[in-house]
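Values quoted throughout were computed directly from the atomic coordinates according to the rules given, and no laboratory measurement underlies them. Fair warning: this is a prediction, and the values are worked out from it, not measured in the lab. Note that each Cβ is placed from the backbone with ideal geometry, even for glycine, and that neighbours are counted across all protein chains shown.
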Amino acid sequence: MSEECEEYKTKKLQGWPKKMEESETDAENWERFIGVAREGKVAIRNCIHPLRKVSAIWGKEKLQHYGWAHSGQRYCKVLSTASSQVPDWEEAIIKLNQLMLRRMQMGGRRKFRRSVNPIDQIDLENLKKWTHKNPYEKNRDHENVLLQYGKLTINDLPKDCGFDKYGQIAHREFAVTIKARARTIPPKDGQDTSPFAVCFLHITTPIMLRAGSANQSIAYIR
């Protein structure tokens with residue numbers, strides 16, 4: 001994969017032949033670059049332009065990690081526009097996290113996906129409109145809640161969520177930073193056995209949730 005990426009970068013710097021832009025050869029190069037050959041050449045060709053734009057702005061590592069190429073042509077186009085409107089990833093992830101948390105609080109049909117990529121198209125539609133750092137009201141929020149531009153902490157999240165390696169909200173199974181669950185200590189010499197309370201503590205020894213999963217750090221319970 002690294003050799004294919006280097007080859008793609010070299011060809012990108014040299015410039016793709018103009019006639020190749022719409023050709024199957026170009027689609028095959030892109031398939032190798034983002035690792036989605038199974039999606040089919042037609043689907044990939046329709047997403048090539050917006051995905052290239054996202055890759056150039058937010059980075060190819062995020063494009064590959066979140067598997068955005070699997071999300072469909074419409075999603076990729078909105079994703080491309082959102083990345084252009086908010087090109088700084090740190091700013092984008094602060095806003096996306098606020099939008100996704102509010103979506104979870106509102107409930108409804110658009111559930112928070114148990115996926116490596118929980119970003120819904122409606123989150124991207126809102127992101128491309130939130131071009132400032134002032135409070136923002138999410139579309140169709142009947143309670144008219146103003147979302148603040150500020151980083152969320154682990155205590156702001158539901159108990160089954162954490163942050164992934166790029167700082168985005170994710171379900172525990174896809175997160176690298178999570179909140180540990182409380183435990184009750186058995187009584188000893190008549191001492192208090194109340195559950196531990198939450199505190200923030202970064203651990204030095206990562207744990208593995210299952211084979212092939214990412215390492216996770218924990219905000220321990222004490």
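Below, the figures for the structure above:
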item	result
Full-extension gain in nm, Ala180 to Lys128, via 0.36 nm per residue minus C-alpha separation	15.3 nm
Per-residue Cβ neighbour rank within 10 angstrom, fewest leading, Ser71, Ser115, Ser83	Ser115, Ser71, Ser83
Chain lengthening between Asp156 and Met106 when straightened (0.36 nm per residue, less Cα-Cα)	16.5 nm
Cβ-based exposure ranking for Val176, Val86, in which fewest neighbours within 10 Å come first	Val176, Val86
Residue order, fewest to most surrounding Cβ atoms within 10 angstrom, among Lys133, Lys62	Lys133, Lys62
Modelled FRET efficiency - R0 25 Å, Tyr149 with Val116, Cβ distances, 0.05 increments	0.45
Lys, Arg +1 and Asp, Glu -1 on Cβ, resulting dipole of the range 89-147 about Cα centre, debye, nearest 20	260 debye
